[in-house]
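The values are calculated or read from the model by the stated rules, or taken from the named source; none is laboratory data. In this text the structure is predicted, and so the values were computed from the model without any measurement. A quick note on method: Cβ atoms are made from the backbone with ideal geometry, for glycine too, and the neighbour counts reach across all protein chains shown.
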Amino acid sequence: MAVFRRDSLVTRQLLRLVLLHTAWEVGSAQVRYSVPEESKHGTFVGRLAQDLGLEVAELVSRMFRMVSSGRRDYFEVNLQSGVLFVNSRLDREELCGQSPLCAIDLEVIVDKPLRIFHVEVEIQDINDNAPVFSVNEQNLSIAESLTLPGSHFPLEGASDADVGTNSLLTYKLSPNEYFTLDLQKNDEHSDGLILVLKKSLDREDTPVHYFLLTATDGGKPELTGTVQLVITVLDVNDNAPVFNQSVYKTRLFENAADGTLVTKLDATDLDDGINKDISYSFSSFVPLSGRDVFTIESNTGEIRIKGQLDFEKNKVYDLQIQADDKGNLPLSGHCKVLIDILDVNDNAPELAVTSLSLPVPEHASPGTVVALISVSDRDSGDNGKVTCSIPPNLPFRLVSTFKNYHSLVLAEAVDRERVSEYKIVVTARDEGAPSLSASSSILVAISDVNDNAPAFPQPVYTVFVKENNPPGAHLLTVSASDPDLRENAFVSYSVVERSVGEQPLSSYISVHSESGHIYALQPLDYEELQVLQFQVSARDAGLPSLCGNVTVQLFVLDANDNAPAVSPAGSVRGSLGPELVPLSASAGHVVGKIRAVDADSGYNAWLRYEVQEPGAAGPFRVGVYSGEISTTRALEEADGPSQRLVILVKDHGEPALSATATVILSLVESPQAVKWDSRPRGGSEGPLVDTNVSLMIAICSVSGLFVLVIVVYVGLRCHPGPEVMCGPGKATMVCASEVGSWSYSQRQSRNLCVGKGTAKDDLMVFSPNFPNSWENGEAGKGQVLTPNPSGMVSPWSHGFSGTPAGGPPKPQDQWTLRKHAAEGNLPATFAATGRAPPMACCPRHALGVLVPGAAPGPFSLGEQYRQTKGESCFNFKKF
């Protein structure tokens, strides 16, 4: 029978003849066999080829080979029959020691196509080791008379190199009338063999006793070992030393320093004088392995380290300790010290590399196997867990095939013109603390083919730019590399054009064709554009030209460039605020609420309210963050007929921006609405304000006529007065940014007043979500504005009830603040004159003012208004 035998030379030749394949498939099948240890050469293990699903006739042509995890070839395969058989002697105890599971891992590799199979052969234990005692004779000294029946004396048991039932030991003592044996389970590490005294000894009768101790294992056939017990009977017996515990347990790290205290033993003797003095020592049963690394102080009982511990050599030490008194006939006490050695990460991983396919052509497909790597670590637990890695930015990757096996495979296309060979350092690192590592270098040669396109080092570039940047500011640099030569490696950059709204992308940014520097062509505005995503193309000068793209994400960061703006708000009752404040109002009475908004974001949009005038001495206060105006105390006639409050609203930006609102409150004996003033602080409040104040004083003078006041109040509210705000000059238009922030002077005072003979007209905010019907010339179809469920029409809530079917407005209707500033359309106040209806700005902009009125006006809630599209703004007409 022809047998395929490998030597190191043949192995190297065969491994270098493995052909490259366009796809690499790793065999997932695993085959498990078992064979008894000490099997002879040629012993049948299994039909390997058949179990792996391979044809026997193809084994030679597919270059069937087997790699063992051990240092010897314990198994071989007959290539003519596909049978796996034993090649050399198997000694389980030599291979695996006392480990309960012993297996040899084999890797079977075949070509055409390349496949790897994992085969595991379990080595079964046989009873080929007899129990062995460490010494041929064990000596004990026992005092006569004073040693009572039932006394225990520890004995050293035997050991068996086998495992399982083959290592289970039973003990038998030669027949006698004085002693018997007792086997105690001390812990998970060992059993305690105890000699028990049945009958008191008499030295005058028998000074020395000789017994034969036999240990028998549980194998079939049974194997035995013997040791002779020599027991000397002492003439004097008093009180023997007694330990405070029979078994001491402790743990040590294997890197514990020389001289480290392990434990301190404590034994006592009830005698007096010299018979009470105790000397500690190791029992004669303690092996040399324990005596070499531990020492015991005879007077104190301290056990210390005197050598180097090694978890990999000995995980547990079982020390028998003896305490002897110093009487003429010393008596002894015994205890056991169990020392568990804890593993530390003191063994670096071991790494072996087997090359499979060299050189690698540059057109090789991803997944091509380059090398097979095996790793191991002598430590345990996490200290023995090993991970493999290779340096980044290489066209290779590691794939874990089986436990402790990795394959180095081609991860992407390679180019010989760029790199003709790769020196790959494979690093095996364990998970200990600190971690240890080992490395091995693989030199991978690349054979030549040709094609390379420019490539960026990353798929996405992300850049953050603060708004209001200067034109021409450098944003970032993109870079692509082409590993080709001469003109094929010359790379030029360009922006992939697209539209941003109605503007081309090239109006916002540009890229330098040679350097890849990207510049901003105009200042960016966070309120108009928060994110700009585009692609940059890199193209070489070859024929045909090849190119690569990369995505650039530009995030515009907010700056505090928008001052707070007062926006509509209602009273605490959810309706329009009162015009008058009753003198009967108690402390804490809510007069109204100011709301302001800021088009910025974050801290730049976090607003704070405070009363600027008349200060803390006044009877009114404003909530720091809520904007609620309430009384600080009960109102008195001494407070005057009216109060003028100047409310400062400022954000938390750096530097902080602010706006003010002037509130005029009339104090009357019956509740009325509060009038709000939105004029600038520094200017005159206007003759109409004085008229309103006089009117309020007149109303207060006749407040006793409650019924008359109600009639007048109802009449004023129902009077179809002009739907305008008072103030000189023609109506002006107020526009805001797309998020509803006022973009005029940072310190503007607003004063709303009522025209003569009219009700308190309340302005409302119209949501920027205008329907498409306005753009399509359908303004005459009567779109209806209705309040949201909270009772307010506000750009800060949900705007219009429902969602317009037409979607958002077109970009050409989205006016910006810069256009209004250029045309001089930014107003100084919110006042409008004449009888023109109030106007809301163009799409994407919102009009916002303070809403103090309590009675419904021409723009009050519950009424409907028709939307019509004007030339540059939208007029809302009641119908």
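Please specify each residue of the stretch 240-255 satisfying the condition of being over 24 Å from residue 156 (Cα atoms) and surrounded by fewer than 18 Cβ atoms within 10 Å (Cβ to Cβ).
253, 255
In the stretch 425-446, which residue that is part of a strand (DSSP E or B) and crowded, with 20+ Cβ neighbours inside 10 Å is farthest from the chain's Cα centre (by Cα)?
Per the criteria, the residue is 446.
Would you mind stating whether residue 135 is under 20 Å from residue 225 (Cα atoms), of a type in the set (A, V, I, L, M) and at pLDDT 85 or above?
Yes: the conditions hold for residue 135.
Could you check, for the stretch 74-87, whether at least one of its residues is under 46 Å from the mean Cα position of the chain (by Cα) and either assigned to a helix (DSSP H, G or I) or surrounded by fewer than 20 Cβ atoms within 10 Å (Cβ to Cβ) (or both)?
No, the stretch 74-87 has no match at all.
In the stretch 470-525, what residues are among the hydroxyl-bearing types (Ser, Thr, Tyr), within 16 Å of residue 456 (Cβ to Cβ) and in contact (Cβ under 8 Å) with a residue 40 or more places away in the chain?
Across the stretch 470-525, the qualifying residues are 477, 492, 493, 494.
What are the residues in the stretch 607-622 that are surrounded by 14 or more Cβ atoms within 10 Å (Cβ to Cβ) and either free of Cβ contacts under 8 Å to residues at least 24 places away in the same chain or among the aromatic types (Phe, Trp, Tyr) (or both), if any?
Once the filter is applied, which keeps residues that are surrounded by 14 or more Cβ atoms within 10 Å (Cβ to Cβ) and either free of Cβ contacts under 8 Å to residues at least 24 places away in the same chain or among the aromatic types (Phe, Trp, Tyr) (or both), the stretch 607-622 yields 609, 620, 621.
Of everything in the stretch 46-58, what is hydrophobic (A, V, I, L, M, F, W, C) and either over 49 Å from the mean Cα position of the chain (by Cα) or at pLDDT below 90 (or both)? Give them in sequence order.
Matches in the stretch 46-58: 56, 57.
Would you please list the contacts, defined by Cβ atoms under 6 Å and residues six or more apart or on different chains, that run from a residue in the stretch 578-601 that is under 19 Å from residue 663 (Cα atoms) to a residue that is among the acidic types (Asp, Glu)?
Short answer, once both residue conditions are applied: 583/669; 590/628; 593/628.
Within the stretch 305-337, take every residue that is under 14 Å from residue 262 (Cα atoms) and surrounded by 16 or more Cβ atoms within 10 Å (Cβ to Cβ) and give me the one that is nearest to the chain's Cα centre (by Cα).
309
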